[in-house]
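**Q** I'd like to ask some things about the structure below.
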Amino acid sequence: MMNQRYKDLNTYLRSLYGCRVQKITVDAGLSCPNRDGTVSTGGCIYCNVRGSGSGALARGLSVTEQLLQGKRALAGRYKAKKFLAYFQSFSNTYAALDRLQRFYDEALAVEDIIGLSIGTRPDCVTEAVLELLQDYAQKYLIWIEYGLQSASDATLALINRGHDVRCFKDAVRATANRGIKICVHVILGLPDETREDMLHTARTIADLEIDGLKLHLLYVVKGTRLEALYRRGKYRCLEQHEYVDLVCDFLERIPPKMIIQRLTGDPHPPELTAPQWSLNKSQTLAQIWATLEIRDSWQGKFV
Ligand code: SF4
């Protein structure tokens, strides 16, 4: 009942495959041009050296082994029967084409893997990669996840994102009409952003050929430049109620057909500096649902 106020990923996947489908995170040991010096060496100001990665490949676990481990864990926990291989850490289209193809082929060869979800930057896709993904999309479910974070060029410069909004729009245009599903990542609470800036991001993505959305809270991770700003009092984290209201405002302004893949992030507790409330994901989600109920609102209400 509550989920009907927005289009959630689990319901969508169940409608396609008739069973619970879970994503399994895979680490392919790739890098990021915003860290290795190609675009910048510093990376985004909120990113630590792990780049959201688990480092599993470096610890000697192949893509296949990571997927088999994930299957065992998730089949028990969620009674999942099918799985998506989620290449999450760093930029997963940022390598030579034959190397990427080996990783993707390896994942798709594992039993019950029905497709791929590939996280990357919009400045990291080539025509050759898109053609490869287009081929896979004839047989498998293929999602590409582009980080946009904000539709304000001033914010993107401030967070050292290393690409602008136009670059993102060009990547979406190049990816559309190939059978590849496009998901965009947006962060709420970026430095100096107002509510109006965040709603501008919602309206910008609403006008593009985008199939899915992941919303994240900006939280402060140890060892990042954002942490230095926070400690000097130059960055204030969102309060939980502010974040909840912003998520609801955002959902109201994006099309009802967009599949909501995430409504808040998942900090690693030992790495988190602030805000502490971000560790309580289920409470935040419950407050989002309750707020939509109280407002009697839903995804796309103001589209
Ligand atoms: S694009 Fe991703 S991996 Fe690269 S620096 Fe930014 S957050 Fe880190």
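**Q** Tell me yes or no: at least one residue of segment 103-113 is aromatic (Phe, Trp, Tyr), modelled with pLDDT of 95 or more, open to solvent by less than 20 Å² (accessible area, probe 1.4 Å) and more than 16 Å from the ligand (Cβ to nearest atom).
**A** Scanning segment 103-113, I find at least one residue that is aromatic (Phe, Trp, Tyr), modelled with pLDDT of 95 or more, open to solvent by less than 20 Å² (accessible area, probe 1.4 Å) and more than 16 Å from the ligand (Cβ to nearest atom), so the answer is yes.
**Q** Somewhere in segment 176-185, is a residue of a type in the set (A, V, I, L, M) and within 18 Å of Ile260 (Cβ to Cβ)?
**A** Scanning segment 176-185 turns up at least one residue that is of a type in the set (A, V, I, L, M) and within 18 Å of Ile260 (Cβ to Cβ).
**Q** Can I ask one more? Just checking, which of Thr93, Thr126, Thr120 is at pLDDT below 95 and either under 27 Å from Thr38 (Cα atoms) or in contact with an Asp or Glu (Cβ under 6 Å, 6 or more places away or on another chain) (or both)?
**A** Going through Thr93, Thr126, Thr120 in turn, the sole match is Thr93.
**Q** Output the residue which, of all residues in segment 148-206 that are outside any helix (DSSP H, G or I) and among the polar types (S, T, N, Q), is most open to solvent (accessible area, probe 1.4 Å).
**A** Filtering segment 148-206 for residues that are outside any helix (DSSP H, G or I) and among the polar types (S, T, N, Q), the one most open to solvent (accessible area, probe 1.4 Å) comes out as Asn177.
**Q** Of all residues in segment 76-99 being farther than 29 Å from Cys124 by Cα and without any contact (Cβ under 8 Å) to a residue 24 or more places away in the chain, which is least open to solvent (accessible area, probe 1.4 Å)?
**A** Of everything passing the filter in segment 76-99, Gly76 is least open to solvent (accessible area, probe 1.4 Å).
**Q** Next question. Within segment 122-132, track down each residue that is open to solvent by less than 60 Å² (accessible area, probe 1.4 Å) and more than 13 Å from Cys183 (Cβ to Cβ).
**A** Asp123, Cys124, Val125, Ala128, Val129, Leu130, Leu132
**Q** Something else about it: Can you tell me which residues in segment 62-98 are outside any helix (DSSP H, G or I) and either of a type in the set (Gly, Ala, Ser) or more than 16 Å from the ligand (Cβ to nearest atom) (or both)?
**A** Ser62, Lys79, Ala80, Lys81, Lys82, Phe83, Leu84, Ala85, Ser89, Ser91, Ala95, Ala96
**Q** I've got another one for you. Where residues in segment 8-61 are within 26 Å of Thr155 (Cβ to Cβ) and among the polar types (S, T, N, Q), which of them is nearest to the ligand (Cβ to nearest atom)?
**A** That would be Asn34.
**Q** Here's something else I'd like to know. Just to be sure I understand, how many residues within segment 144-177 are closer than 16 Å to Leu130 by Cα, in contact with a Cys (Cβ under 8 Å, 6 or more places away or on another chain) and within 14 Å of the ligand (Cβ to nearest atom)?
**A** 2
The values are calculated or read from the model by the stated rules, or taken from the named source; none is laboratory data. All values derive from a computational prediction rather than experimental measurement. For neighbour counting, all protein chains shown are included, and Cβ atoms are generated from backbone atoms with ideal geometry for every residue, glycine included. To get the accessible areas, we keep the full protein, side chains included, count just its heavy atoms, and leave off ligands, DNA and RNA. Shrake-Rupley method; radii C 1.70, N 1.55, O 1.52, S 1.80 Å.
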